[in-house]
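Here the structure comes first, spelled out in structure tokens, and everything after it is commentary.
Laboratory data are not the source of any read-out in this text; all were calculated from the coordinates shown. Predicted, not measured: the structure shown is a model, and the values here were computed from it. FYI the Cβ positions are ideal-geometry reconstructions off the backbone, even for glycines, and counts take in every protein chain you see.
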Amino acid sequence: MVNLNLEFSGNILRALQLSESKEILLKEEIRLSFNLNDEFHSRKNRENLIEEFEESVRPIFKDEEQEFRSAGILIGTGQTFLNVMPVDFNEDAGSISSHILWELSNYYPDSYKDFTIKYFRLNNNYLSENIDDVLLIAINKNKLEFIKSLCDSCDISIRNVEIDHFAVEKCLREFNPDKIINKKVLIIGSKSERLDFSLIANGTMKYYDFEVTERSDFRNLLVRQVNILNSSLFNIDRFYLYGDDKTDSIKSFLEEQFQNIPVSFISYSDNKEDSVFAPIYGLALKNLS
């Protein structure tokens with residue numbers, strides 16, 4: 001069985017495969033005509049898009065036999081609904097689930113039942129001992145079904161579906177373990193029209209937020225997030241970056257604005273450009289276990 005990892009990042013498809021010894025066996029980046037962030041594309045010309053995907057992906061297998069393949073799937077934060085909310089954990093599990101579903105229904109009153117939902121405690125308890133922040137992660141089932149149709153066209157069975165910003169942490173731990181132990185590190189992901197932020201303190205995610213950059217200067221958004229954390233919750237020891245071309249500008253700005261906090265790229269190599277592959281590398285590491 002060939003174990004593959006595929007990342008849908010806007011209209012970019014990335015493929016990565018590792019050996020058991022973590023050697024890169026396959027690394028490809030393909031530009032598609034459609035953007036998975038756009039719900040419109042999963043409805044119109046569906047068969048044409050599936051055919052395009054098959055024609056784009058099958059050549060990366062080269063001359064190997066068409067054996068059964070499984071793949072880990074990575075999607076971007078922009079393809080999900082993410083929200084942080086306080087939850088009273090004195091309540092029973094059913095009440096907590098109902099509260100989280102109610103929260104989602106406020107944003108999607110007509111379609112909230114069409115989502116696959118997960119939630120994670122952030123264990124910051126800054127309000128009180130029993131009230132804790134929860135990160136709600138919801139993915140539209142129609143999007144997941146469309147991804148499955150794409151993979152079926154290439155005889156690929158989906159092993160798991162993860163989100164880029166949370167998969168990148170595995171890559172960070174693999175290559176920088178000594179720099180994050182007993183530290184508070186802010187992970188910043190730069191993508192088209194958004195920035196994602198998560199703070200890892202003593203090995204656990206304690207904070208998540210995102211900013212939309214379409215109508216705002218990303219520098220102001222960075223300062224706002226850092227000030228929120230440094231003033232009320234945590235003191236950041238280090239910044240880690242991954243993502244698109246804006247990461248160079250983000251690094252330069254952070255180094256100038258916060259001179260006492262080191263800034264590094266998350267990457268599996270010495271090449272900073274490889275930080276765009278850091279999330280899928282993290283997924284590949286997870287799927288080796």
Inset, instruction - Go ahead and run the numbers for FRET between Glu29 and Leu101, Cβ-Cβ distance against an R0 of 45 Å, rounding to 0.05. - result: 0.75
Legend entry - Most mobile of Leu136, Leu186, Leu241 in a GNM of the chain (Cα contacts under 10 Å): Leu136
Inset, instruction - Return one number: the angle in degrees, 0 to 90 and rounded to the nearest 10, between the long axis of the Cα atoms of helix 93-107 and the longest principal axis of the Cα atoms of the chain. - result: 80
Inset, instruction - May I ask what percent, to the nearest 5, of DSSP beta bridges between residues of the chain are antiparallel? - result: 65
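Using a Förster distance of 30 Å, how high is the FRET efficiency between Phe258 and Glu20, based on the Cβ-Cβ distance and rounded to 0.05? Display every interim value, and only then the final one.
On the way: r = 40 Å, r/R0 = 1.33.
Efficiency, rounded to the nearest 0.05: 0.15.
Which of Thr204, Thr80 comes first, and how do the rest follow, when ranked by fewest Cβ neighbours within 10 Å?
On the way: Thr204 11, Thr80 19.
Exposure proxy ranking, most exposed first: Thr204, Thr80.
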Inset, instruction - Mind running the shape call on the range 78-139? Use the C-alpha gyration tensor, a ≥ b ≥ c as the square roots of the eigenvalues: rounded below 1.5 for a/c, prolate if a/b tops b/c, oblate otherwise. - result: prolate
Legend entry - Helix axis angle, 46-57 relative to the chain longest principal axis, alpha carbon, degrees: 90
Legend entry - Between helix 218-228 and the chain: long-axis angle, C-alpha atoms, 0 to 90°, nearest 10: 50
Legend entry - Nonlocal amide H pairs with Leu26, under 5 Å, H built at 1.01 Å: Gln17
Inset, instruction - Would you grab the residues whose amide H sits under 5 Å from the one on Ile266? Only those 5+ places off in sequence or on another chain, please, with H modelled 1.01 Å from N. - result: Leu241, Tyr242
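Let me spell out the model: positive unit charges on the Cβ of Lys and Arg, negative unit charges on the Cβ of Asp and Glu, origin at the Cα centre of the range 177-265. What dipole size does that give, in debye rounded to 20?
On the way: 12 positive and 13 negative charges, 63 e Å.
Dipole size: approximately 300 debye.
Please give me the summed charge of the neighbours of Arg173: other residues whose Cβ is under 14 Å from its Cβ, Lys and Arg +1, Asp and Glu -1. Spell out each step's value before the answer.
Values: positive: Lys22, Lys170, Lys179, Lys183, Arg238, Lys286; negative: Glu169, Glu174, Asp178.
Charge balance near Arg173 sits at +3.
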Legend entry - Average Cα contact separation per residue, the chain, under 8 Å, 6 or more apart, as relative contact order %: 19
Legend entry - Amide H within-cut-off set for Ser9, under 5 Å, with H built and near neighbours excluded: Arg14
Inset, instruction - Would you work out if the range 177-265 is rounded, prolate or oblate? Take a ≥ b ≥ c from the square roots of the eigenvalues of the alpha-carbon gyration tensor; rounded if a/c is under 1.5, else prolate when a/b is larger than b/c, oblate otherwise. - result: prolate
